[in-house]
Structures are given as structure tokens and as C-alpha cells.
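Notes follow the structure.
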Amino acid sequence: MKKIAIIEDEPAIRENYMEMLSAQGYLVSGYSNRQSAEHAFNDVLPDLAIVDIGLGHEIDGGFLLCQTLRSLSKTLPIIFLTARDSEIDTVCGLRMGADDYLTKDISMAHLAARIGALFRRMEALEQPADQNALLNRGPLMLDTKRMQVFWQQQIVDLTVTEFWMLHSLAQRPGHVKSRNELMSDAKIYVDDSTITSHVKRIRKKFIALDAQFDCIDTVYGMGYRWEQL
């Protein structure tokens, strides 16, 4: 049974989400503030975390919690679910490593679908290595079964969303992928600026390993492409 943690300071909203997800077969825990969630996560991590940004007196408590979760796990799926819909908040959340950013007007069915999609992608990590699942592009290697990425034989810590965006680009070197195509391939539903933020994060992670990395090109007005070395 998959374990989901919901960090939401409004009791009625928290209980509503907990009831809905429990009815779908998930084991759900709820927390009203960052401190209680962090205390629990230091003992056992959930399989997925749903986080509000404003938590009690901490207007950005969810952002701080996301940073803590990412320090504990590079791959734990994190969804921001919040009333804050500004572009700045969305970009900040994704830059901190969240896999999705949703606003509270989303339907329960849509939320459940997004959670299911993240779990399906994470289950690939548990699969054994398969040579047929390996995608090699010079110093780049992607394992689509285990969702691991290597650059010059060094592992690149990508979130599941970043993994599928990179996979989309690397599948066809030199071919321009529009932001809509990247969004579709990664199974996320966000605006163009959010896709741009994801691509910037991917680049930064490669550059941290190789200062000369320049394989992801921006094609202005069109999208992005992977340039083979």
C-alpha cells in the first residue's frame, strides 16, 4: 500500500484530501505544520508528499519542507497543492525540486490521476536493469526501467519529471521539441515558463558535473533540442 503524506494547515481541507485518497487505497497521513511533518519524515519517508506552501505562521513553510525532503531523498515525488497561483511561486516550487505544482481548484479526479502517474513512473525504479531500456547518446546514458541518468559515467540526480523531459530530448538528437511536446512526454500540465524552469534545472545539474556541458540548445520561438557530441 502506497503511503501519501499531506501537509496542509486547514483541517477541513486536509481531512477532505485524506478521505478521498484513503478511499482509493492509499495509506494517508496528515500534518498541519512543517515541524510535525519533518519530525515524522526523519523516521520514515512517505512514498509521495503533497505540500501546501503557507503552513500556519510560516508563509513559505512548504518551500522549506520541500528543501528538507529533497535533502532526504532525490527521487521522492513531491506535489505542491496550494491556493497560490503566481508564476513566481510556481517557478520557485519547481526550482526547489517539486515534481508538480497544482492549485486547489483542481478536481479530485484530476489530482488522483496526477498522483497515479507519478507512482507509475516511480515504480520503474524498482525494475532490474534491462539493456533494451538503455538509451545511449555519447557520454549520456538513460535507463528507462530504473529511471537513472548518467553523464560521463557519473549519476545525475533528476526528479521523475526532469527525467522524462530529458528522455524526450535525447530520443531524437537535433530534433526540436516544443514546450507542449515536452509537457506531454513528461505527463505534466503547466505553462511555458514552468517548462523553461525545468530545462534550466536540468542544465544546471549537468553543468555541476561537467562545466563544459552544452548539449541542450534553446531554439528561440520553437523549443529545445539535444545536440549530440
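The values are calculated or read from the model by the stated rules, or taken from the named source; none is laboratory data. Bear in mind the structure is a predicted one, so any value in this text is a computation, not a measurement. Glycine gets a Cβ as well: all are built from the backbone with ideal geometry, and neighbour counts include every protein chain shown. Accessible surface is based on the protein model in full, side chains and every heavy atom, while ligands, DNA and RNA are left aside. Shrake-Rupley method; radii C 1.70, N 1.55, O 1.52, S 1.80 Å.
Worth pointing out:
- Filtering GLN171, GLN152 for residues that are under 21 Å from LYS74 (Cβ atoms), among the polar types (S, T, N, Q), free of Cβ contacts under 8 Å to residues at least 60 places away in the same chain and surrounded by fewer than 16 Cβ atoms within 10 Å (Cβ to Cβ) leaves a single hit, GLN152.
- With respect to the conditions (1) crowded, with 18+ Cβ neighbours inside 10 Å; (2) part of a loop (DSSP other than H, G, I, E, B); (3) touching a Leu at 6+ places or on another chain (Cβ under 6 Å), ILE188 lacks only one, and its number is (3).
- Subset of the range 27-50 that is free of Cβ contacts under 8 Å to residues at least 40 places away in the same chain and in contact with a strand residue (DSSP E or B) (Cβ under 6 Å, 6 or more places away or on another chain) - its residue that is least open to solvent (accessible area, probe 1.4 Å): ALA37
- ALA5 falls short on exactly one of the conditions (1) open to solvent by 30 Å² or more (accessible area, probe 1.4 Å); (2) touching a Pro at 6+ places or on another chain (Cβ under 6 Å), and that condition is (1).
- Counting only strands (runs of 3 or more DSSP E) that sit wholly inside the range 66-163, those with at least 2 residues that are under 28 Å from GLN228 (Cβ atoms) and out of contact with any Cys (no Cβ under 6 Å at 6 or more places or on another chain) are 134-137, 140-143, 148-151, 154-156.
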